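Step one of this worksheet: look at the structure below.
The values are calculated or read from the model by the stated rules, or taken from the named source; none is laboratory data. Quick caveat, the model's predicted, so the values are computed rather than measured. Using ideal geometry, Cβ is built from the backbone for each residue, glycine included, and neighbour counts are taken over all protein chains shown. Heavy atoms of the whole protein, side chains included, go into the accessibility calculation; ligands, DNA and RNA do not. Shrake-Rupley method; radii C 1.70, N 1.55, O 1.52, S 1.80 Å.
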Amino acid sequence: MALGAPPPPAYRVGVVERRSGAEPPEVAPATLVGVELVWLDLRLRAPVGTSAGAHLQRPLLAVRVVTDQAEGWGECGALPAATPGDPDLDVVARHLQQVAVPRLIQAARTRGGAVAPAALVSHLGGTRPADRHAAATLQMAVLDAELRRSGTPLGARLGVTATSVPVGAVVGIPRDRSMAALLHAVEDVGWAARVRLKIEPGWDVEPVRAVRAAFPDLALQVDANGAYGRLADGGPGAAERLAPLDDLGLTCIEQPLAPPDLAGHAELAARLRTPLGLDESLTSPRRVRDALRYGAMGVACLKPARLGGVFPAVGALGHCREAGVPAFVGGLFEAGPGRAANAVLSALAAPAEGGDPWPGDVAPPAGYLAATPFTFPALQGCRLALPTTPGIGSDLDPAALEGLVARRRWTAA
Ligand code: MG
């Protein structure tokens, strides 16, 4: 913020009343007032172990887009450490600060001050991973403001008719690598419509077999986060290591090989009976189309933050549906708005012939975050009722925000 610049407006909660009945919102676009980046120090309730290490902290970058008629919040999906599919949070934050936010402001200036429509925000940036994550963050906030202003819930905007979605849970690799800890963790998520176990070489067949023996009817998937390297690596190959999983009734083996390796996954899929899922390999809607075309996946785990936002994710879900490949929405330890959007998108993953979608990682953040400044609906058994209030579906609690803010940066339009 430049010296002498006006301070950011105070936080507003809920739907902002229109100033007068004279301006139908569809006719008069909202004027962009400014954008605030808010860094939050969030913590996980317990460490989550994956093949890439244990996550303990969840520093979060939230973004607030203020217009003259409503404001909206978005959140960045990037984690503190980069993964093969995603840049780290600092890289995306720098990109937002130096490139994406100035572009949104510049786009408003070329429109006489009007904020760009949310559906166009993904097109303001490039196609690198940081561009996509930044676009997803900004688009979410612009969309939230747009929906609050017009009094529309996200589900209605996207044509979702379902009122609730089934919810899945993820169980990490226990820190002590004990079967007792693993079985206890699976029991703890007994509410879930499916459980996704993290695996890696050395922690795969035996633990999954133990879970299957203890929970014979559980809908079970495994996720290797690319830990089995390349198909042709020395030693026992991925196919030999993973083949015993074929007898354990899994719905999916997710991202066994290092991303992207669509050819390797296609070859591995031909050697296993369990459908292979891709996650880290799916870095863009185009990559989703390529994976479908190459027969590299039988299931897609889609992460809207990685794909560039809500609208690119809708496109990717459409490609999967056309190909007859089931998709589900994965999570990145979101704090509120991102997860609410993912829940609605999860409903769009329902099969064309009707029925429930595959359960997504859309459980309430309160289950894994020690605190969050955003509201979120509670679970009802293994289901989540989709938000019906205007906006993305997650509101800011300004009082809760204050204790969690590390720093903030306001840029006036
Ligand atoms: Mg995954």
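Here are the numbers for this structure:
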read-out: Hz values of 3J(HN,Hα) by residue in segment 221-226 - Karplus curve (6.51, -1.76, 1.60), Gly and Pro given as x; value: 10, 10, 9, 9, 6, x
read-out: Helix-derived mean residue ellipticity, 222 nm - over the chain, DSSP H n ≥ 4, -39500 (n - 2.57), to 500; value: -8500 deg cm²/dmol
read-out: Sum of side-chain charges, Arg196 neighbourhood, beta-carbon under 9 Å (Lys, Arg +1; Asp, Glu -1); value: -1
read-out: Using a Förster distance of 45 Å, the FRET efficiency for Ala180-Ala400 (Cβ separation, nearest 0.05); value: 0.80
read-out: With 10 Å bins from 0: P(r) over segment 209-292, alpha-carbon pairs, percent; value: 18, 50, 27, 6, 0
read-out: Neighbourhood charge, 9 Å Cβ-Cβ cut-off, centred on Val222 and excluding it, Lys, Arg +1 and Asp, Glu -1; value: -1
read-out: Pairwise centroid distance, computed over Cα atoms, of segment 107-137 with segment 197-218, Å; value: 43
read-out: Per residue accessible area of segment 298-392, 1.4 Å probe, in Å²; value: 29
read-out: Protection proxy ranking, peptides 399-410, 255-266, 317-328, average beta carbon neighbours within 10 Å, highest first; value: 255-266, 317-328, 399-410
read-out: Relative packing of 85-94, 185-194, which averages over residues the other C-beta atoms within 10 Å, highest first; value: 85-94, 185-194
read-out: Accessible carbon and sulfur surface of the chain relative to its total accessible area, %, 1.4 Å; value: 54
read-out: Solvent-accessible heavy-atom area per residue, rounded to whole Å², over segment 150-200 at 1.4 Å; value: 43
read-out: At R0 = 41 Å, FRET efficiency that the Cβ-Cβ distance of Arg409 and Ala46 yields, to 0.05; value: 0.85
read-out: Charge dipole (segment 265-358, unit charges on Cβ, about Cα centre) - positive-most of Pro337, Ala300, Pro351; value: Ala300
read-out: DSSP beta bridges in the chain [antiparallel fraction, %, rounded to 5]; value: 65
